[in-house]
Amino acid sequence: MTESNSPASVERLFPFVLKARALVIGRDALRANKGKLHFVLITTDIAPVNRAEVLKFFAHYPVVQHFTAADFERCFNAKGAKAVGFLKSGLAQSIYAELKPYRINRPVTPAKPPGSPPTPPSARTNG
């Protein structure tokens, strides 16, 4: 594992997130700031029911599962938090780039509007 991909390397950016106030802690706060988020980070020890709820509600956002609740408390001073969100910023982009291998949901492809022409056969891929 290279230095840029190790979890410790991404943790070096967390104090800057706190200083910039670019972190949203807790599911209720995440819902309230949904349009301002770049991505959501959940713990590995989150309950399966809560994990499914986060995945469903934030289907259009990258959801990354990494770290434990104890790590969140140590890094973010967020006691008992199992989900945090990063507000849109260059800093959030940098953090997400390092955590991208831990993404657990697929990007949602936008649906075609009703009445739009079908995809021509020449544009379709067979693979």
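Read-outs throughout are calculated quantities, based only on the coordinates presented, and are distinct from any laboratory measurement. Just so you know, these numbers come straight off a predicted model, no measurement behind them. Counting neighbours? That spans all protein chains shown, and the Cβs are built from the backbone with ideal geometry, glycine included.
Please report the orientation-averaged projected area of segment 1-100, defined via the convex hull of its C-alpha atoms, in nm².
Details: hull surface 23.7 nm².
Average of the hull's projected areas for segment 1-100 equals 5.9 nm².
If you take all other residues with their beta carbon under 11 Å from the beta carbon of PHE39, and give Lys and Arg +1 and Asp and Glu -1, the sum is +3.
In terms of packing, defined here as the mean over residues of other Cβ atoms within 10 angstrom, the peptides 59-65, 95-101 line up highest first as 59-65, 95-101.
The length gained on full extension between PHE57 and ALA70, counted as 0.36 nm times the residue separation minus their Cα-Cα distance, comes to 2.2 nm. Summing +1 for each Lys or Arg and -1 for each Asp or Glu among the other residues whose beta-carbon sits under 11 angstrom from that of SER89 gives +3.
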